[in-house]
Amino acid sequence: MLQWRMPVLETWLCVLARDPSAAKTRLSGVLEQAPRASLATAMLQDVLAVAGAVRFTRRLVITESELVRDAALSAGTEWFHVPASSTNVAASAAVRHAENAGAARVVLLAADLPYLVPSDLEMLLAEDARVVIAPDRHLRGTNALVLAPPSTIEPAFGTDSLRVHRERAREASTRADIVTSRGLATDIDDPEDLRLLLREPGVGRHTAELLESVVFSVALP
């Protein structure tokens, strides 16, 4: 039987959350800007609620957005301001900040994981590899990246990031462990993902409440 290990004291969680007003653009064909922003915010709130149930040395939301900052503070989470930029610029800034402050390990986590539960994060932390990757359900992108130490490889989030992260681990002469679970694999980016979200139960409280609202009374092609 797999035994969960508590994370080392120097493990930081960094949730990568862009401004909700600019988020989820691939849903623009089925959702207006306001409900897209509301969905992004609700999923972030659920991710932060889950993170609060798992022991980390520090929990930070990495963002340029004051709205995200307020959501972080309401969840009892710190925030780290990074000017509007790409996900990888924000991730690299978070890694440098964590390492400079003495973190031995950093978990970079997507903010749009409505099915995430505490055991998903515990499963990530139970791995002892220097690089741990949680891919999306299509086995192409990356929804969580664990680096120990934080500078082991440079983050490369994006469409083909699973392959790139594995290649960078090989170049760094280290192994990359792969961790999969429903909560870590199910991010919401496009209409297909939204159909799954509307169909499959088990989402966090904030996302569930939003799905019950009139905002999501839309016909998906």
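Odds and ends about this structure:
- Scanning the range 58-81 for residues that are within 11 Å of residue 19 (Cα to Cα) and either aliphatic (A, V, I, L, M) or part of a strand (DSSP E or B) (or both) yields 62, 63, 67, 68.
- Search result, residues across the range 143-174 that are β-branched (Val, Ile, Thr) and surrounded by 23 or more Cβ atoms within 10 Å (Cβ to Cβ): 146
- Note on the range 176-194: among residues that are part of a helix (DSSP H, G or I) and over 16 Å from the mean Cα position of the chain (by Cα), the one that is surrounded by the fewest Cβ atoms within 10 Å (Cβ to Cβ) is 192.
- Boolean, residue 53 is more than 20 Å from residue 101 (Cβ to Cβ), hydrophobic (A, V, I, L, M, F, W, C) and buried (at least 16 other Cβ atoms within 10 Å of the Cβ): no
- On the stretch given as the range 106-127, residues that are surrounded by fewer than 24 Cβ atoms within 10 Å (Cβ to Cβ) and in contact with a Phe, Trp or Tyr (Cβ under 7 Å, 6 or more places away or on another chain) total 2.
Here's the yes/no breakdown for (1) of a type in the set (Phe, Trp, Tyr); (2) closer than 14 Å to residue 47 by Cβ; (3) modelled with pLDDT of 95 or more; (4) not in a loop (DSSP other than H, G, I, E, B):
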position	(1), (2), (3), (4)
112	no, yes, yes, no
134	no, yes, yes, yes
154	no, no, yes, no
157	yes, no, yes, no
165	no, no, yes, yes
169	no, no, yes, yes
174	no, no, yes, no
196	no, no, no, yes
203	no, yes, yes, no
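The values are calculated or read from the model by the stated rules, or taken from the named source; none is laboratory data. In this text the structure is predicted, and so the values were computed from the model without any measurement. Quick reminder, even Gly has a Cβ in these numbers, built from the backbone with ideal geometry, and neighbours come from all protein chains shown.
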